[in-house]
Structures are given as C-alpha cells and as structure tokens.
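A.B. asks: Input: one structure, supplied below.
The values are calculated or read from the model by the stated rules, or taken from the named source; none is laboratory data. Since the structure is predicted, the reported quantities are computational estimates derived from the model, not experimental observations. Quick reminder, even Gly has a Cβ in these numbers, built from the backbone with ideal geometry, and neighbours come from all protein chains shown. Areas reflect the complete protein model, heavy atoms only, side chains present, ligands, DNA and RNA absent. Shrake-Rupley method; radii C 1.70, N 1.55, O 1.52, S 1.80 Å.
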Amino acid sequence: KDGKCVKEFFVAEKTDIPGRYTFEYQGQNYLTFVAVTKDYVIMDFENQCEGNTLIVVELHGRTLFSGKLGLPAYLKHTARRGIGAGNIEDVSLNPCNNS
C-alpha cells in the first residue's frame, strides 16, 4: 500500500468440493488442496478477475527429497490444468536444480 508491503489476512470458505475453498481478493479466488500426504502437498490457486484466469500450482515438500516424491502427481495435475513444462519453475534451494 503506497509502495510498502502490508500484511493481509483472508479467511476462505469451504465449497461443496472437498479440499476446495474460496475467497474474494482482486476477483474470485479458489484454493484447492489437490494432494496432501505426510511428505508433500500440492496446492492449486485460481484467480478469476474481469474475464481473466490465473492459475498457480505449487508443490511443497517437508524436505527436498520428499518434495520430489510428489513430482509425478504434480506434473500430472499441471498437465491436466494446461500448464506446460516451459511454464514450470523449480524454486527449490537444491543447487543441483540451478545447472
């Protein structure tokens, strides 16, 4: 706000779809927990605003190794959502990914 970061807090409401929540922020937002295991979680964020849709899918692991366990499910979900490999960014801290 006015060029400075501010903390914002949102409370999402459950939808009729298990694992899917919705809230208003710069349009209609949906958060879906696609997969939740003891090792990793896959979250799908969708924002719909003024006829445009933005989709972000995240894979979070408890460790770098356990996150890799979720990679096949993540890639299957991103393909289903129309997100190609060229639009996937690995932001893990693993130095092997930066080659």
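A.B. asks: Please identify the pairs in which a residue from the range 50-68 that is under 17 Å from Arg80 (Cβ atoms) and modelled with pLDDT of 95 or more has its Cβ atom under 7 Å from the Cβ atom of a residue that is open to solvent by 60 Å² or more (accessible area, probe 1.4 Å) and charged (D, E, K, R), counting only partners at least 6 apart or on another chain.
C.D. replies: Ile55/Arg81; Val57/Arg81
A.B. asks: Just to be sure I understand the filter: pairs with C-beta atoms under 7 Å, separated by 6 or more residues or on different chains, first member in the range 1-25 and at negative phi and among the acidic types (Asp, Glu), second member surrounded by 10 or more Cβ atoms within 10 Å (Cβ to Cβ) and assigned to a strand (DSSP E or B). Which pairs pass?
C.D. replies: These pairs meet every condition: Glu13/Tyr21; Glu13/Thr22; Glu13/Phe23.
A.B. asks: Sticking with this one: What number of residues in the range 47-57 are closer than 20 Å to Leu71 by Cα and either over 9 Å from the mean Cα position of the chain (by Cα) or crowded, with 16+ Cβ neighbours inside 10 Å (or both)?
C.D. replies: 1
A.B. asks: What number of residues within the range 19-39 satisfy the criterion of being open to solvent by 40 Å² or more (accessible area, probe 1.4 Å), in contact with a strand residue (DSSP E or B) (Cβ under 9 Å, 6 or more places away or on another chain) and either part of a loop (DSSP other than H, G, I, E, B) or under 27 Å from Arg62 (Cα atoms) (or both)?
C.D. replies: Qualifying residue count for the region: 10.
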